[in-house]
Each structure stands twice: as structure tokens, then as C-alpha cells.
Amino acid sequence: GGYGNCGGGDYYCSFVHSGEKVGQYASLALDSADQPNIAYYDGTNGTLLFAVYNYTFDDWTIDQIRVGSAEHPAGQYASLAIDVNHGDMPHIAYLSDYDTLEYAYYVGHDGNCGLNGIMVYTWQCDEIDFMGSSTHPKGISLALDEAGFPIIAYQFGDSILKIARPVEALDKLIGNCGPATPNYTWQCDVISIGFGIGQGDYMSLAINDSGLSTIAYFGTIDPSGGDLNIAYQQFQVFLPLTLNN
């Protein structure tokens, strides 16, 4: 083993942020300096948090990104990506109150969320789409393409898999979801309609070098079984396949 304090000395384990129900739905990504960034949820206060480790000073910076409450939470099922090609800008997709898919990204100033110590809103938090009234869990997964545009795979209702992208990434002028300025600035499309329940409860999205997406996700016909499914994007078309039953 090495000189760590866990994992037989091969790892170093430490507290980032302690508190009741703090750290739920954690999502981690490394920036260009290999420093860990973590998006996570404070279940007591219903708030989305973001932590960044600084190797130079050996400490964590923790910010509130989307402030909610126990009655009106924001930040569950967080999915984080860091744009290492464009200044290590963080992007987070998450569930907010009223079953809404939201997307937060760092802007530095003139945002609408992520209030810092000098009273500047450093993040922009936007509502993207209604996710439908359904039971939890709710699958959400975010990735960035080479240009830094986000793509979000998410569950609608109990059995529909959807995907959302900014219209700019698709070379379109008008979308059908997201912020309207005045036209909708995102495109939200159905990828697969399940026949049972729970399709998309859990999912993971990746983008290849050509900018095409692949989504792995869970689906079930009845409570006693389930399938691992995968959807490949072929020139803007997704082909869902069932891999295992």
C-alpha cells in the first residue's frame, strides 16, 4: 500500500461537506488540472451544491447553486460535466420542484442563481422541460460535445426516454422547450417509449468524437424483472436495443 488512510493505503479519504442528508445524488468530474469537482444535493435544505478542490491550498470551495427548500427541493439526481476545452466551465442537469428538468451552468456574472459572497449571481439556472408526474427515481444524465454544448438524457413520466439539446448545437433557430427568448432555445425529443414502468429510472449518457450520443438505461416490464437497454444515435436518429433481460 501507499501513504493513504484508506483502501489499504492506496487511497486518501476525507470529508468534503458534512451535515444531515448532505451529499445525496453526488456527481463528480475532473477539470483540466485533474482537480475534483462535485455537484451534490443537500437533502435537509433542498439545495443544489457545488464543491471544487484546490490542490494548491488543499481545501474545498463550496457554493450554493440552486437554492430550494425541504418543501420545494432543487438539485436531486444531479449530473455534472466540466468543459475542459473552454475554461473548465461546469454544467449541471438536475431535477427541481414540480418535476422540472433544470440546467445550470457557470457564467461568472449576470446570472440568476449561484449568489456568491459579493452578491453576484455567477450561475445561470434554466428550466428545460417538464419530466412528468411519476414516482422516483428519475433518470438524468448530462454530457458535453466537443464544442461545449450540453446534451441531456432524461426520463419523462415512468416509461419515456427523452433527450434535450440547445438549438444552436443543432443548427436550428427555434426549438420546442427550454427558455423562450422569445422563441424556445432547446429541442426536446422522445427517444423511446417503454411498454412497462421505470424505463429510464437509471441512465448514463456519453458522446463520441463525432458528436453522436449513446445512452445506457434501465427499463422494466414488471416489478420482478428488468432490462439493460442502450440507444445509439445514428445521424440524429436513435436506435434503442435491449441487451439483457
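Taken together, the values in this text are just the output of simple stated rules run on the coordinates, not laboratory data. These figures come from a predicted structure and were not determined experimentally. All Cβ positions, glycine included, derive from the backbone under ideal geometry; neighbour counts span all protein chains shown.
In the stretch 123-211, a dipole from Cβ-located charges (positive for Lys and Arg, negative for Asp and Glu) runs towards its positive end, and of 200, 152, 136 it is 136 whose Cα lies farthest in that direction.
Residues considered: 74, 39, 216. Largest GNM mean-square fluctuation over the chain, using C-alpha springs under 10 Å, is found at 216.
The translational diffusion coefficient of the stretch 1-141, from Stokes-Einstein at 25 °C and 0.890 mPa s with a Kirkwood hydrodynamic radius over alpha carbon pairs, comes to 155 µm²/s. Sorted ascending by nearby beta carbons within 10 Å, beginning with the fewest, 142, 170 become 170, 142. At an R0 of 35 angstrom, the distance between the Cβ atoms of residue 86 and residue 20 translates into a FRET efficiency of 0.45.
Near residue 65, the amide H atoms lying under 5 Å from its own belong to 48, 49, 50; only residues 5 or more places off or on other chains count, and H is placed 1.01 Å from N. Largest GNM mean-square fluctuation across 95, 212, 173, computed for the chain with C-alpha springs under 10 Å, falls on 173.
Compute the FRET efficiency between residue 190 and residue 3 as 1/(1 + (r/R0)^6), taking r as their Cβ-Cβ distance and R0 = 45 Å, and round to the nearest 0.05. It comes out at approximately 0.30. Of the residues 110, 83, 99, the one that moves most in a GNM of the chain with alpha-carbon contacts below 10 Å is 110.
Remark: the residue 130-residue 69 segment gains 20.0 nm on full extension, using 0.36 nm per residue and subtracting the alpha carbon distance.
Exposure proxy shown here: for 102, 20, the number of other Cβ atoms within 10 Å sets the order, fewest to most, as 20, 102.
Roughly how many debye, to the nearest 20, is the charge dipole of the chain about its Cα centre, given +1 on each Lys and Arg Cβ, -1 on each Asp and Glu Cβ, and no other charges?
Details: 6 positive and 28 negative charges, 71 e Å.
In total the dipole reaches around 340 debye.
The ranking of 89, 119 from fewest to most other beta carbons within 10 Å of each one's beta carbon is 119, 89.
Given in Å, the Rg to one decimal and the Dmax to the nearest whole number for the Cα atoms of the stretch 76-166 are 13.7, 44.
Above 21 Å, the calculated P(r) of the chain contains 60 percent of its Cα-Cα pairs. Take every Cα pair under 8 Å whose residues are at least 6 apart in sequence, average their separation, divide by the length of the chain, and the relative contact order is 10 percent.
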